[in-house]
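Let me begin by presenting the structure, written as structure tokens, before commenting on it.
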Amino acid sequence: MDGAKYIGGKGVCVIVVAAGSGRRFGAPLPKQYCDMDGRPVLMVALERIKTVWPEAEVLLVINDDYRGLWLEMCGRHDFESPRMVSGGDTRWQSVRNALDVMPRGVDVVAVHDAARPMFTPEVGSGLIDAICAGKQGAIPVVLMVDSLRRVDGDGGSKSVDRAEFRAVQTPQLFRADLLVEAYSRPYSSVMTDDASVMEAAGYMDIALTEGDEALMKITRPHDIEIVRMLAKEM
Ligand code: CTP
Ligand code: MG
């Protein structure tokens, strides 16, 4: 054992990806550095990980241009940053950079979006239970609320049955050996999360566990207001 800490008898490493630029959010700073409750979103996300899985080893993937700002924020809030890893141009590359420097002794890797600050103990337990039951991976999902349509390239569309779909959140948990192998394969643009990388490598035994509306991803400008409100209720 070298670095990884145990949860449910397994060495767990949490990779928090925070190296995006927040183009759709459209603020001067990437969304993870914006204020949530007097502290930046990223700090809230890391604190909740620490609350739910206090034993886990955390790797923080960050854009080098914002390292100074982040350390300054940590100093101001008396917050100890996890070990930092340089981000890449895509989420896939950011995860890959963290996997490359992961400590030894890790059985299970969780990958979490910094832009989803409201992780809960209930979601965490569902994920750990599925992995301990022998699944290759476990991902939190929620039901779709809107009606859905499949669009074609010619402006046409057709309604689809929303009961057949789920929206996928993070953290996503995987057996470390399988995730490392899946990430050793080439990137494709359909790999928008880690479960899709596992699937492309043929690892399909992924449990869908219960997600939480509050675990929504801050993507567009108003999302941060919604997450602030949900946080007050928790
Ligand atoms: N992310 C990352 N490295 C990248 C791109 C994204 O670590 N090169 C992280 C983001 O910081 C975020 C998570 O992956 O926590 C989910 O990505 P997304 O919500 O798409 O964030 P951004 O890429 O920052 O936003 P946008 O796509 O609107 O630019
Ligand atoms: Mg993005």
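Some observations on this one:
- Charge dipole (the chain, unit charges on Cβ, about Cα centre) - positive-most of 84, 176, 13: 84
- GNM flexibility winner over the chain from 161, 35, 194 (Cα, springs under 10 Å): 161
- Taking the chain and dividing mean pair separation by its residue count, relative contact order in percent (alpha carbons under 8 Å, at least six apart): 24 percent
- Based on the Stokes-Einstein relation at 25 °C and a viscosity of 0.890 mPa s, and on the Kirkwood radius from alpha carbon pairs, the range 93-234 is assigned a translational diffusion coefficient of 147 µm²/s.
- In the chain, the calculated helix contribution to ellipticity at 222 nm averages -8500 deg cm²/dmol per residue, counting -39,500 (n - 2.57) for every DSSP H run with n ≥ 4.
- Considering only beta bridges that DSSP places wholly inside the chain, some 45 percent are antiparallel.
- Across the range 99-234, Cα pairs under 8 Å and at least six residues apart give a relative contact order of 35 percent.
- Euclidean distance between Cα centres, the range 158-225 to the range 9-41, Å: 17 Å
- Full extension of the chain between residue 133 and residue 80 yields a length gain of 15.7 nm, computed as 0.36 nm times the residue separation minus the alpha carbon distance.
- Under 5 Å, built H, 5+ apart or other chain: amide partners of residue 85: 60, 61, 62
- Each of 148, 42 has some number of other Cβ atoms within 10 Å of its Cβ, and from fewest to most they run 148, 42.
- Among 31, 135, sorting on how many other beta-carbon atoms sit within 10 Å of each Cβ, with the fewest leading, yields 135, 31.
- For the range 197-213, backbone phi angles converted through the Karplus equation (6.51, -1.76, 1.60; θ = phi - 60°) give residue-by-residue couplings of 5, 4, 4, 4, 8, x, 9, 10, 7, 10, 7, 9, 10, 6, x, 8, 3 Hz, Gly and Pro being listed as x.
- Springs join every pair of Cα atoms under 10 Å in this Gaussian network model of the chain, and among 190, 168, 58 the largest mean-square fluctuation is at 190.
- In loop segments of the range 25-70 as defined by DSSP, the GluC sites (Glu not before Pro) with at most 15 further C-beta atoms inside 10 Å of their C-beta are 55.
- Partners of residue 232 within straight-line reach, counting lysines whose Cα lies under 26 Å from its Cα and excluding those fewer than 8 residues away in the same chain: 31, 50, 217.
- Relative contact order of the range 7-110, pairs being alpha-carbon contacts under 8 Å that are 6 or more residues apart, as %: 40 percent
- Comparing 22, 68, 11 in a Gaussian network model of the chain, where Cα atoms under 10 Å apart are tied by springs, the biggest mean-square fluctuation is seen for 68.
- Cβ-based net charge around residue 189, under 13 Å, with every Lys or Arg adding one and every Asp or Glu removing one: -1
Just so you know, all these numbers are worked out from the coordinates, no wet-lab data involved. This one's a predicted model, so the numbers in the text were calculated from it and none came from an experiment. All Cβ positions, even for glycine, are placed from backbone atoms using ideal geometry, and neighbour counts span all protein chains on display.
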